[in-house]
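Below is one structure; the comments refer to it alone.
The values are calculated or read from the model by the stated rules, or taken from the named source; none is laboratory data. Just so it is clear, the structure is predicted and the values come from calculations on it, not from any experiment. FYI the Cβ positions are ideal-geometry reconstructions off the backbone, even for glycines, and counts take in every protein chain you see. Please note that ligands, DNA and RNA were not included when accessible areas were found on the heavy atoms of the full protein model with its side chains. Shrake-Rupley method; radii C 1.70, N 1.55, O 1.52, S 1.80 Å.
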Amino acid sequence: MPSYTSVSVTAKTLLRIALGSVLVAHGSQKLFGAFGGGGIDGTAQGMHAMGFRPGRRNAVLAGLGEAGSGAALALGLATPIAGAGAATTMGVASSVHTPKGFFNADGGFEFPAFLGFSAAMFALGGPGPVSLDHATRHVFDRPWVRAVALAAVPVAIAVQVAQRRKALAEDAAAPSES
């Protein structure tokens with residue numbers, strides 16, 4: 001078992017809670033229209049326009065991927081699964097922003113990529129001792145769970161990106177209605 005200093009425990013705990021809170025806020029925009037978000041209906045329209053079909057299902061999945069994973073990360077509960085869920089959601093979001101370059105100010109992938117990478121690092125490194133995983137003796141935070149959860153991330157991202165590209169290609173090939 002690694003030894004922890006009170007400063008490193010505090011830092012890891014605060015970073016995990018902050019990351020989870022940011023993800024909960026973003027998911028709440030999609031699910032409930034909180035913080036100026038579009039709610040399910042507005043998000044579904046946006047998802048459809050971006051090529052995520054069906055839009056409503058993808059809006060719910062994105063909202064739950066952010067809010068649900070974020071809440072679990074903040075609590076340090078099932079951290080490998082929560083981190084992988086957030087990493088997947090943010091990886092797919094990053095793919096949408098990639099054509100605009102790196103920087104967030106230009107609409108690039110900087111922000112979702114950083115959130116996803118940070119979530120993946122908690123999936124890999126665990127939540128720390130101030131967490132529900134630690135309190136439950138790591139029932140949902142076993143090495144094999146980390147390995148399976150993290151291995152699923154690139155596969156899930158690739159499937160979503162491929163489905164999106166196919167939908168956009170079908171849209172482009174469809175005769176336009178005038």
_Quick check on the stretch 11-57: take the gyration tensor over C-alpha atoms, sort the square-rooted eigenvalues as a ≥ b ≥ c, and tell me if it's rounded (a/c under 1.5), prolate or oblate._
prolate
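With a probe of 1.4 Å, find how much accessible area the chain has per residue, and write the answer as a whole number in Å². Walk me through the numbers on the way to the answer.
Numbers: 9740 Å² over 178 residues.
Accessible area per residue: 55 Å².
Given N residues in the stretch 106-166, what is Rg(Cα) / (2.2 N^0.38 Å)?
Compactness ratio reported: 1.41.
Just the number, please: carbon plus sulfur as a percent of the accessible area of the chain, 1.4 Å probe, no ligands or DNA/RNA counted.
Values: 6730 of 9740 Å².
C and S atoms contribute 69 percent here.
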*Cut-off 19 Å, label 7 Å out along Cα→Cβ of ALA71, residues of the stretch 84-98 by amide N*: 84-90
_How are the alpha carbon pair distances in the stretch 43-178 distributed across 5 Å bins from zero to the largest one, expressed in percent?_
2, 11, 17, 20, 18, 13, 9, 6, 3, 1, 1, 0, 0
_Relative contact order of the stretch 46-178, pairs being alpha-carbon contacts under 8 Å that are 6 or more residues apart, as %_ = 29 percent
*Any idea what Rg and Dmax come out to for the stretch 1-90 if you just take the C-alpha atoms, in Å?*
15.1, 50
